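No value in this document is a laboratory result; all are computed from the given coordinates. Given the structure is predicted, the values throughout are model-derived calculations rather than measurements. Backbone-built Cβ (ideal geometry, glycine too); neighbour counts: all protein chains shown.
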Amino acid sequence: MKPLQIALLGAGTVASGVVKVLARNQEELQRRAGRGIALAAIAARNADKARAALGDALPITTDFMALATRPDIDIVVELMGGISPARELVLAAIAAGKHVVTANKALIALHGNELFAAAPSQGAPLVLARFPRAYCDANREAWELDPTMFAGPLPDWVNTTSARVG
């Protein structure tokens, strides 16, 4: 079975972390997915800067839309942040039948209903990383890292006034 082909939209700090995690955990990811997972390409605003940070081993393009809709891509990971062009790229990827992963809280807050409504009609799941920063500090609870990650009121027992918050 051919490996799942992943495209990253964005080449900043988070993207470089994703590249390292995918490389470091390749064996475990393959075991869990039942097939290989390959990073096919990365879209960056500045290809030269991305190559300097990530190396020449991966194809890097500045054409975000072409990568988001490329026929051989199975999963698009949106790492750009912001609203535009992230919204347009996610919608295009969904329309092209891609699985989409994003941790873009601003995009989901403003256009989440539109994005989640579009995904099932194309048979393309949209996955929202609810706690994208929760891995940063294992000594803190998720609500201590960023209480604004929660849409509703937190339970009474949650300590949002901890000296560790902030």
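Considering only Ser121, Gly36, Thr62, and ranking their Cα positions along the charge dipole of the range 1-121 that arises from unit charges at the beta-carbon of Lys, Arg, Asp and Glu, the one farthest toward the positive end is Gly36.
Please sort by residue number the trypsin sites (Lys or Arg not before Pro) in the range 1-79 whose DSSP state is loop and whose Cβ has at most 16 other Cβ atoms within 10 Å.
On the way: sites: Lys20, Arg24, Arg31, Arg32, Arg35, Arg45, Lys49, Arg51; in loops: Arg35, Arg45.
Answer in residue order: Arg35, Arg45.
When each pair of different Cα atoms in the range 1-116 is counted once in the 1/r mean, what is the Kirkwood radius in angstroms, to one decimal? Spell out each step's value before the answer.
Numbers: mean 1/r = 0.0695 Å⁻¹.
The answer is 14.4 Å.
For the range 64-80, 3J(HN,Hα) computed residue by residue from phi via the Karplus equation (6.51, -1.76, 1.60; θ = phi - 60°) reads 4, 5, 4, 6, 5, 10, 4, x, 7, 7, 9, 10, 10, 10, 8, 10, 7 Hz, glycine and proline entered as x.
Counting other C-beta atoms within 10 Å, which of Thr102, Thr13, Thr61 has the fewest, and how do the rest follow?
Thr13, Thr61, Thr102
For the range 51-63, 3J(HN,Hα) computed residue by residue from phi via the Karplus equation (6.51, -1.76, 1.60; θ = phi - 60°) reads 5, 5, 7, 9, x, 9, 5, 10, x, 10, 10, 9, 9 Hz, glycine and proline entered as x.
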